[in-house]
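*Asks:* There's a structure below that I have some questions on.
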Amino acid sequence: MSDRRSPPARRRQRNGGLTPVRAQVTRPLLPVLRGSRILVAEDEIIIAIEVQCALEDAGAQVVGPACTLNEALRLAAEEDLTAAVLDLRLGSRSADGVAVILTRRGIPFLFYSGQTPLDPELAKWPDIATVSKPASSRVLVKALVTLLRTGTAPPL
């Protein structure tokens, strides 16, 4: 076998010339969450899958994702969990009840939400970190790692 490298992909410029297209390379996440069982409660299925993939890539076992409040309440009450990532609202309903269950069980959690910091639901939980949507996988995983190490996530 020869050690030839294939030429870079090229795209046409408006003037008809060709320019190399560089592939976007992302480093994989390290398994920093290995052994963790993380509840994901998110009503937007695409976002839920993105969060699930990010956490699994970081080594976590994802519980859920729970896309409804009733499912999130059940999982929060019954499952063996290390931490949780909660959307502030599941559908039109507040995830407050899920947060209460997690707090009573001593399970750390953070909110992953597109709501503004002035949202009354967030005001109920001033000591809980919120990662603002959209956030990269790295930002979300880093917040969870910090949450698990210190019991609080960094303000983001």
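This table checks each residue for (1) charged (D, E, K, R); (2) within 26 Å of L118 (Cα to Cα); (3) in a helix (DSSP H, G or I).
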{"position": "R34", "(1), (2), (3)": "yes, no, no"}
{"position": "L39", "(1), (2), (3)": "no, yes, no"}
{"position": "V51", "(1), (2), (3)": "no, yes, yes"}
{"position": "G59", "(1), (2), (3)": "no, no, no"}
{"position": "V62", "(1), (2), (3)": "no, no, no"}
{"position": "E71", "(1), (2), (3)": "yes, no, yes"}
{"position": "A77", "(1), (2), (3)": "no, no, yes"}
{"position": "V85", "(1), (2), (3)": "no, yes, no"}
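*Asks:* Which one of the conditions (1) without any contact (Cβ under 8 Å) to a residue 40 or more places away in the chain; (2) in a helix (DSSP H, G or I) does D127 fail to meet, given that it meets all the rest?
*Replies:* (2)
*Asks:* When region 72-111 is examined, which residues are found to be without any contact (Cβ under 8 Å) to a residue 12 or more places away in the chain and not hydrophobic (A, V, I, L, M, F, W, C)? Don't jump to the end; show me each part of the working.
*Replies:* So the first thing to find is which residues in region 72-111 are without any contact (Cβ under 8 Å) to a residue 12 or more places away in the chain, and the list is 74, 78, 92, 100, 103-104, 106.
Within region 72-111, R74, E78, S92, T103, R104, G106 meet the criteria.
*Asks:* Residue by residue through region 88-106, note down the ones that are out of contact with any strand residue (DSSP E or B) (no Cβ under 6 Å at 6 or more places or on another chain) and in a loop (DSSP other than H, G, I, E, B).
*Replies:* Listed by number, the residues that qualify are G91, S92, G106.
Bear in mind that the values in this text are calculations on the coordinates, not laboratory data. Bear in mind the structure is a predicted one, so any value in this text is a computation, not a measurement. No Cβ is skipped: glycine too gets one built from the backbone with ideal geometry, and neighbour counts run over all protein chains shown.
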